[in-house]
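Structure, as structure tokens:
The values are calculated or read from the model by the stated rules, or taken from the named source; none is laboratory data. Since the model is a prediction, treat every value here as computed from it, not as a measurement. Quick reminder, even Gly has a Cβ in these numbers, built from the backbone with ideal geometry, and neighbours come from all protein chains shown. For the accessible areas, the whole protein counts, side chains as well, though only heavy atoms, and no ligand, DNA or RNA atoms are used. Shrake-Rupley method; radii C 1.70, N 1.55, O 1.52, S 1.80 Å.
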Amino acid sequence: MVDGVTIPRPRGTAGAGAPRLTDIAAQADVSEATVSRVLNGKPGVSAATRTRVLAALDILGYERPVRLRRRSAGLIGLVVPELTNPIFPAFAQVIEQVLAGHGYTPVLCCQQPGGATEDELVEQLEESGVDGIVFLSGLHADTAADQTRYAELAARRVPFVLVNGYNEQVSAPFVSPDDHMAAGMAVRHLAELGHERIGLAVGPLRYVPSRRKTQGFLEAAGPGADRYVRHTLFSLEGGHAAAADLLDAGCTGIVCGSDMMALGVIRAARERGLDVPGDVSVVGYDDSALIPFTDPPLTTVRQPVQAMASAAVGALLEEIRGNPVPSTEYVFQPELVVRGSTARARS
């Protein structure tokens, strides 16, 4: 107990002793007196310092005192297409962290084959009284989908922001990576390594990111490159299927629309007895957390997840506060991360 406030026990360790003030102070890089003031809810501590002390409690695995638990400022819906591709959980985690920093609680909605549709999820979120919605790679990115659903959502005065997949039919803030630039970067990297026949494995053309990556690839690869473009599923299986055609066509370098597709390409190459990168160089797209640990570590184009997620949440909160954000696309530059899946082409 510190000045009348008991420091909670570690979560899941009912028999353990309470943490010492010195532990919390060391973790937060503040004095023990400051920790005591925060835990007792006394004034005289800046908001930034208070946040550091509470974060130290979280890191050390201790529950916050009841009086210090912040009430949620509201609910924010987050609609994602799936969670099997690691890039979507990566976005969800950063969005959750940024929302928590502003006092909001995220409500994650994931679409599953045969499960709830995007429209059904939105209906459920509205019934739950969300203050706004973030759409990640939703139907707005599908040029074949009816986009009036977003106009109807706006008419119901529900603020929303859209991530990945600009659509000029929708009046809302968009946050996107520069897919066109990303594909060009990947092609130029392979060309500099001496690869003359470069292929592209990417998702269905009706999706805006696929369309932009295809355009960027064709411009960078030059005349005749359209012979080496394969549209398939944004998945490991899709990459595997595309690789069969591209390897038959003699491609020694393959650019992929996602890291999952790139792993499928590597699997297909190895099934043919080919070495990556000795015989075939492969470039992915996304750079989620586990990609540096693949075999070989994957060369990929990194999406700026932190910056994009922060911008999306910032735009949404401005809309919620009644400060309209221009209905335009905010484009973020990707970064080529060179690892072990690309090498100089053999003579």
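Scanning segment 142-198 for residues that are aromatic (Phe, Trp, Tyr) and out of contact with any Asp or Glu (no Cβ under 7 Å at 6 or more places or on another chain) yields Tyr150, Phe160.
Kindly indicate which of Leu274, Leu263 is closer than 19 Å to Arg346 by Cβ and in contact (Cβ under 8 Å) with a residue 12 or more places away in the chain. Working first, answer last.
Working: Leu263 fails: closer than 19 Å to Arg346 by Cβ.
Step by step, each of Leu274, Leu263 is checked, and only Leu274 is closer than 19 Å to Arg346 by Cβ and in contact (Cβ under 8 Å) with a residue 12 or more places away in the chain.
Residue by residue, here is whether (1) in contact with a Leu (Cβ under 6 Å, 6 or more places away or on another chain); (2) under 13 Å from Gly77 (Cα atoms); (3) charged (D, E, K, R) holds:
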{"position": "Leu139", "(1), (2), (3)": "no, no, no"}
{"position": "Tyr150", "(1), (2), (3)": "no, no, no"}
{"position": "Val158", "(1), (2), (3)": "no, yes, no"}
{"position": "Val175", "(1), (2), (3)": "no, no, no"}
{"position": "Asp179", "(1), (2), (3)": "no, no, yes"}
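Anything in segment 82-114 that is in a loop (DSSP other than H, G, I, E, B) and open to solvent by 40 Å² or more (accessible area, probe 1.4 Å)? List them, or say none. Break it down into steps so the answer makes sense when it comes.
Initially, segment 82-114 is screened for residues in a loop (DSSP other than H, G, I, E, B), giving 82-86, 102-103, 111-114.
Matches in segment 82-114: Glu82, Leu83, Thr84, Pro86, His102, Gln111, Gln112, Pro113, Gly114.
I'd like the full set of residues that are among the acidic types (Asp, Glu) and touching a residue at least 40 places away in the same chain (Cβ under 8 Å), limited to segment 164-178. Asp178, the sole residue that qualifies.
Criterion applied to Gly238, Gly199, Gly184, Gly194 was being open to solvent by less than 20 Å² (accessible area, probe 1.4 Å) and farther than 13 Å from Gly257 by Cβ, and the one residue passing it is Gly184. Note on segment 136-163: among residues that are in contact (Cβ under 8 Å) with a residue 60 or more places away in the chain and polar (S, T, N, Q), the one that is surrounded by the most Cβ atoms within 10 Å (Cβ to Cβ) is Ser137.
Remark: pairs (first residue in segment 216-236, in contact (Cβ under 8 Å) with a residue 40 or more places away in the chain; second residue crowded, with 19+ Cβ neighbours inside 10 Å and in a helix (DSSP H, G or I); Cβ separation under 6 Å; 6+ apart in sequence or on different chains) = Ser235/Met260. Residue pairs whose Cβ atoms lie under 6 Å apart, separated by 6 or more positions or on different chains, with the first residue in segment 315-333 and part of a loop (DSSP other than H, G, I, E, B) and the second surrounded by 15 or more Cβ atoms within 10 Å (Cβ to Cβ), are Val325/Pro173; Val325/Ala315; Val325/Glu318; Val325/Glu319; Ser327/Ala172; Gln333/Asp178. A Cβ distance below 8 Å, combined with a sequence gap of six or more or placement on separate chains, defines the contacts here; from segment 180-200, residues that are farther than 11 Å from Lys213 by Cα reach residues that are open to solvent by less than 10 Å² (accessible area, probe 1.4 Å) and in a loop (DSSP other than H, G, I, E, B) in the pairs Arg197/Cys251; Ile198/Cys251; Gly199/Cys251.
Of the residues Leu247, Leu274, which is assigned to a loop (DSSP other than H, G, I, E, B) and at pLDDT 95 or above?
On the way: Leu247 fails: assigned to a loop (DSSP other than H, G, I, E, B).
From the options Leu247, Leu274, the qualifying one is Leu274.
Counting only strands (runs of 3 or more DSSP E) that sit completely within segment 124-206, those holding 1 or more residues that are over 24 Å from Phe88 (Cβ atoms) and in contact with a helix residue (DSSP H, G or I) (Cβ under 7 Å, 6 or more places away or on another chain) correspond to 198-202. You will find that of Thr328, Thr300, the residue that is touching a Phe, Trp or Tyr at 6+ places or on another chain (Cβ under 8 Å) and either at pLDDT below 95 or more than 15 Å from Leu200 (Cβ to Cβ) (or both) is Thr328 and no other.
Per-residue answers, yes or no, for (1) over 20 Å from Ser310 (Cα atoms); (2) modelled with pLDDT of 90 or more; (3) surrounded by 14 or more Cβ atoms within 10 Å (Cβ to Cβ); (4) within 24 Å of the chain's Cα centre (by Cα):
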site	(1), (2), (3), (4)
Pro19	yes, no, yes, no
Thr22	yes, no, no, no
Arg69	yes, no, no, no
Glu118	yes, yes, yes, yes
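Exactly one residue among Asp275, Asp295, Asp279 is within 17 Å of Ile198 (Cβ to Cβ) and open to solvent by 30 Å² or more (accessible area, probe 1.4 Å), and that residue is Asp279.
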